[in-house]
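The values are calculated or read from the model by the stated rules, or taken from the named source; none is laboratory data. Predicted model only: the values in this text are computed from it and were never measured. Note: ideal-geometry Cβ built from the backbone for every residue, glycine included; neighbour counts use all protein chains shown. Just the protein is used for accessible areas: all its heavy atoms, side chains included, with ligands, DNA and RNA removed. Shrake-Rupley method; radii C 1.70, N 1.55, O 1.52, S 1.80 Å.
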Amino acid sequence: MSLSQGHEIIAIPGPSPLPMRVLNAAHRASPDIYAEPLAELNLSVMAQLKRLAGTQAHLAPYIGNGHAGWEAAAANLFDKGDAVLVVTCGHFGRSWADTLETMGIAVERLDFGNLPPDPARIAARLDEDRQHRLQAVMVCQTDTASATMADIPAIRAAMGDHPALLVVDAIASLGCAPMRMDEWGIDVLIAASQKGLMCLPGTAFVWFSDKAAARGRSDLTTPYWDWHLRAGAEALWRFWGGTPPVQQVYALDEALRMILDEEGLEAVWRRHARLARAVWAAVDAWGAGHPAIRASVADAAARAASVTAVTLPGADRLRAWVTAECGVTLGVGLGAADPAGALRVAHMGHCNAAMLMGTLGAMQAGLIALDIPHGTGALEAAAASLARRD
């Protein structure tokens with residue numbers, strides 16, 4: 001007998017839980033893709049996406065996932081052999097660097113392990129680049145694997161007068177944590193639909209500044225990836241390089257309305273921050289007297305608002321138990337030094353306090369059932385954290 005029947009709780013860092021309103025919006029037959037209503041809806045979605053990113057910059061949408069966004073940006077920015085500095089602080093930063101290398105770009109890695117990047121080290125490296133060989137500084141705002149949060153304004157300041165473009169992967173942070181592309185001086189921003197945007201996987205977005213646009217077409221730019229054709233589109237099919245993802249456009253319209261016009265973007269950011277602090281409080285309580293249990297990022301100010309990486313002995317066994325017995329799915333310890341002894345708890349997108357407390361309660365039950373040593377009072381600590389409105 002299992003207690004897993006009922007609504008499953010998905011606490012993985014993407015695809016995140018979908019609001020029923022978003023599912024219902026997508027659940028429709030395709031209209032005439034050449035008629036005006038869908039074209040107008042698409043334009044509205046593009047405008048909302050710019051609001052979400054805090055920008056008036058150009059926007060190119062693509063049918064694809066976050067990896068497609070990586071490739072789209074690179075195909076428009078760089079010639080083969082161009083040198084870039086990729087700041088890595090987890091599995092996804094390293095994977096991004098690998099993708100760029102495969103495309104023929106000369107990647108220099110500035111690696112911070114699974115810890116947040118230090119802007120001072122970035123500044124020191126750029127100071128050494130007196131010939132301005134490095135064309136871009138590329139960094140994940142949140143690395144989904146390590147659950148770090150990079151300080152993007154500090155990194156922009158650290159770049160000083162160096163002419164390199166600042167390219168930011170916000171796939172796991174957009175819609176979950178503050179993002180002000182124009183104010184922060186970001187040249188290229190990359191995101192996707194399946195995390196903070198609360199939509200189905202399958203669409204990626206690349207916002208790019210006038211400075212990035214002025215680079216023109218590179219020798220990697222093909223008609224499909226060309227962001228100039230998409231950002232300057234007049235016909236609907238041009239935005240998407242062919243048939244638009246009709247159901248996703250409807251889903252995005254509904255999700256963005258919920259985020260921007262109903263809850264409000266700053267309230268969304270505050271909700272994610274409060275949920276994150278509740279998870280951290282529970283982890284701290286479990287780890288009291290048991291230092292092997294801990295948040296993988298020690299500095300709370302450098303932790304992601306959307307996902308928490310946890311070092312925990314027996315994590316794989318705990319993940320399997322809470323799925324089979326409680327209907328809760330946790331994230332794997334991707335990129336951890338000991339993946340079997342690590343897991344991730346997502347608190348992104350369509351997530352509320354009850355869902356989070358259910359996840360933490362299932363984890364508490366699993367720790368007891370599997371006789372994994374842990375401290376007490378985790379659920380009380382999480383509840384007390386949620387009760388505070390600061």
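Accessible area per residue for segment 39-83, computed on protein heavy atoms with a 1.4 Å probe, is 34 Å².
Among 62, 224, the sequence by solvent-accessible area, most first, with a 1.4 Å probe is 224, 62.
A 1.4 Å probe run over segment 163-294, with the rest of the protein chains in place, finds 35 Å² accessible per residue.
Per DSSP H run of n ≥ 4, the term is -39500 (n - 2.57); total these for the chain, divide by its residue number, and report the mean residue ellipticity at 222 nm rounded to 500 deg cm²/dmol. Don't skip to the end; give the middle numbers.
On the way: 15 runs with 158 residues, N = 390.
So the helix-based figure for the chain works out to -12000 deg cm²/dmol.
Couplings for segment 200-206, taken from phi via the Karplus curve 6.51 cos²θ - 1.76 cosθ + 1.60 with θ = phi - 60°, read 4, x, x, 10, 10, 9, 10 Hz in order; Gly and Pro are left as x.
Take the convex hull of the alpha carbons in segment 155-283; its mean projected area over all directions comes to 10.4 nm².
Evaluated with a Cβ-only charge set (Lys, Arg +1; Asp, Glu -1), segment 282-366 carries a dipole of roughly 60 debye about its Cα centre, given to the nearest 20. Placing pseudo-labels 7 Å out from each Cα toward the beta carbon at residue 260 and residue 21 gives an inter-label distance of 1.5 nm. Calculate how steeply helix 353-369 sits against the longest principal axis of the alpha-carbon atoms of the chain, using the helix alpha-carbon long axis, and give the answer as 0 to 90 degrees to the nearest 10. It is inclined by approximately 50 degrees.
For the chain, the equivalent ellipsoid derived from the alpha-carbon gyration tensor has semi-axes of 35, 27, 17 Å in decreasing order. Length gained on full extension, residue 28 to residue 302: 94.5 nm, using 0.36 nm per residue less the C-alpha separation.
For segment 244-390, with all protein chains present and a 1.4 Å probe, just round the carbon and sulfur fraction of the accessible area to a whole percent. It is 58 percent, rounded to a whole number. Computing FRET efficiency as 1/(1 + (r/R0)^6) for residue 340 and residue 222, where r is the C-beta to C-beta distance and R0 is 41 Å, gives about 0.50. Helix 119-128 and the long axis of the chain differ in direction by around 30°, with both axes built from C-alpha atoms. So, R0 is 51 Å and r is the distance between the beta-carbons of residue 324 and residue 47; what FRET efficiency does that work out to, to 0.05? With R0 = 51 Å, the Cβ-Cβ based efficiency is 0.70.
For segment 226-354, the relative contact order works out to 18 percent when only alpha carbon pairs closer than 8 Å and six or more residues apart are counted. For a paramagnetic label modelled on residue 292 (point 7 Å from Cα along Cα→Cβ), amide N atoms under 16 Å away belong, within segment 326-363, to 337-343. Each Cα pair under 8 Å and six or more residues apart adds its sequence gap; the mean of these over the residue count of segment 293-339 is a relative contact order of 28 percent. Accessible area per residue was computed with a 1.4 Å probe on protein heavy atoms; residue 296 scores about 50 Å².
In the complete set of protein chains, residue-level accessible area for residue 4 is approximately 30 Å², probe 1.4 angstrom. Solvent exposure of residue 293, expressed as accessible area, is near 10 Å², computed with a probe of 1.4 Å over the protein chains only. Between the helical axis of 66-77 and the longest alpha-carbon principal axis of the chain there is an angle of about 30 degrees. Here the gap between residue 79 and residue 127, fully extended at 0.36 nm per residue and compared with their Cα-Cα distance, gives a gain of 14.9 nm.
What translational diffusion coefficient, to the nearest whole µm²/s, does segment 61-109 have by Stokes-Einstein, given a Kirkwood radius computed over alpha-carbon pairs, a temperature of 37 °C and 0.692 mPa s viscosity? Walk me through the numbers on the way to the answer.
Details: Rh = 11.0 Å.
Approximately 299 µm²/s, per Stokes-Einstein.
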